[in-house]
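A.B. asks: Right, I'll just put the structure down here and ask away after.
The values are calculated or read from the model by the stated rules, or taken from the named source; none is laboratory data. No experiment lies behind these values; they were computed from the predicted model shown. Neighbour counts are summed over all protein chains in view; Cβ atoms, including those assigned to glycine, are modelled from backbone coordinates with ideal geometry. Surface areas here come from the heavy atoms of the whole protein model, side chains and all, with no ligands, DNA or RNA. Shrake-Rupley method; radii C 1.70, N 1.55, O 1.52, S 1.80 Å.
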Amino acid sequence: FGTAVFMPARGGERELKIDMVEQAFHVLRPGGALVVWSSYETDPFFPTLLKKVFGRVHEQRTDPDAVLWAPRVGDRPRRRHEMTFQARVLGGPPCRFTSRPGVFSYGRFDEGARALVETAELRPGDRALDLGCGCGVAGVFAAQQCGPEGRVVFVDSNVRAAALAEHNARANGVASFGVIASSTAAGLEERSFDVVLANPPYYADHGVAQLFVEKARVLLKPDGRFFLVTKQPNPV
């Protein structure tokens with residue numbers, strides 16, 4: 001790319017912002033530039049970060065905002081702000097996962113995901129759905145049990161999560177899989193899955209969990225199995 005534009009939200013995750021700037025450096029061709037809009041006239045964060053990654057930074061400040069841009073000069077590769085972790089379940093072979101800021105379970109194997117894959121009933125040849133897949137941990141371990149005749153589909157509303165799930169599925173040798181970036185699991189055939197796995201986020205309400213339950217009911221074959229992680233098994 002010749003130009004990349006980054007408009008970060010006010011606040012947000014520090015690690016995610018660093019990762020986005022570092023990745024911009026990787027995708028820009030020499031001479032290309034990253035343009036950052038900041039909602040702070042005297043931004044304390046981005047000028048230092050851009051100088052560290054790109055070597056130089058230009059600024060245009062106008063009350064109450066600031067625009068910063070940095071050209072990619074030369075080829076000074078920078079390590080992406082990402083973490084890897086290794087895990088294994090049920091005595092199977094270990095798998096190695098890449099994770100990045102802004103995606104669920106950054107840098108670790110979530111205990112809810114571990115409980116999910118250790119509890120779920122998966123059979124050779126099953127067609128399984130990892131709903132709200134994050135970086136794809138549950139789906140990759142499900143694939144171990146479904147075997148080469150099975151298939152796993154990863155779905156997440158976060159495009160970064162979907163990309164990581166695809167990367168991790170390939171890196172761990174998943175034989176047959178699909179990846180969909182969607183907030184509604186659109187495009188999946190009704191009654192086409194033997195198993196649905198879900199580890200939804202629980203915020204102020206159970207809206208996402210409710211969506212997952214409703215979608216699972218539609219997507220499962222007759223006598224299909226649904227496994228859901230919850231910290232509140234008896235919500236009011």
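A.B. asks: Return the pair list, or none, for Cβ contacts closer than 8 Å from residues in region 179-194 that are within 12 Å of residue 131 (Cα to Cα) to residues that are among the basic types (Lys, Arg), at least 6 apart or on different chains.
C.D. replies: Every condition considered, the pairs that remain are 184/215; 185/215; 193/127; 193/221.
A.B. asks: What is the number of the single condition among (1) modelled with pLDDT under 95; (2) open to solvent by less than 70 Å² (accessible area, probe 1.4 Å); (3) not in a loop (DSSP other than H, G, I, E, B) that residue 215 does not meet?
C.D. replies: Evaluating residue 215 over (1) modelled with pLDDT under 95; (2) open to solvent by less than 70 Å² (accessible area, probe 1.4 Å); (3) not in a loop (DSSP other than H, G, I, E, B) leaves (1) as the failure.
A.B. asks: OK, next. Would you be able to say whether some residue in region 85-97 is small (Gly, Ala, Ser), under 20 Å from residue 185 (Cβ atoms), in a loop (DSSP other than H, G, I, E, B) and touching a helix residue (DSSP H, G or I) at 6+ places or on another chain (Cβ under 8 Å)?
C.D. replies: Checked region 85-97: no residue is small (Gly, Ala, Ser), under 20 Å from residue 185 (Cβ atoms), in a loop (DSSP other than H, G, I, E, B) and touching a helix residue (DSSP H, G or I) at 6+ places or on another chain (Cβ under 8 Å).
A.B. asks: Pairs only if they're at least six apart or on different chains, beta carbon under 9 angstrom, first in region 225-236 and open to solvent by less than 70 Å² (accessible area, probe 1.4 Å) and polar (S, T, N, Q), second at pLDDT 75 or above and assigned to a loop (DSSP other than H, G, I, E, B); list them, first residue then second.
C.D. replies: Listed pairs, sorted by first residue: 230/200; 230/206.
A.B. asks: Within region 100-123, does at least one residue satisfy the condition of being in a strand (DSSP E or B) and touching a strand residue (DSSP E or B) at 6+ places or on another chain (Cβ under 9 Å)? Let's see the steps before the verdict.
C.D. replies: Initial filter on region 100-123 (in a strand (DSSP E or B)): none.
No, the conditions are met nowhere in region 100-123.
A.B. asks: Looking at this structure, is residue 55 over 27 Å from the mean Cα position of the chain (by Cα), at positive phi and not polar (S, T, N, Q)? Break it down stepwise before answering.
C.D. replies: Values: over 27 Å from the mean Cα position of the chain (by Cα): yes; at positive phi: yes; not polar (S, T, N, Q): yes.
Criteria met by residue 55.
A.B. asks: May I pose another question? Scan region 41-74 residue by residue and report those that are open to solvent by 50 Å² or more (accessible area, probe 1.4 Å) and acidic (Asp, Glu).
C.D. replies: 41, 59, 63
A.B. asks: What's the total number of residues in region 139-169 that are under 20 Å from residue 101 (Cβ atoms), among the small types (Gly, Ala, Ser) and crowded, with 24+ Cβ neighbours inside 10 Å?
C.D. replies: The qualifying residues number 2.
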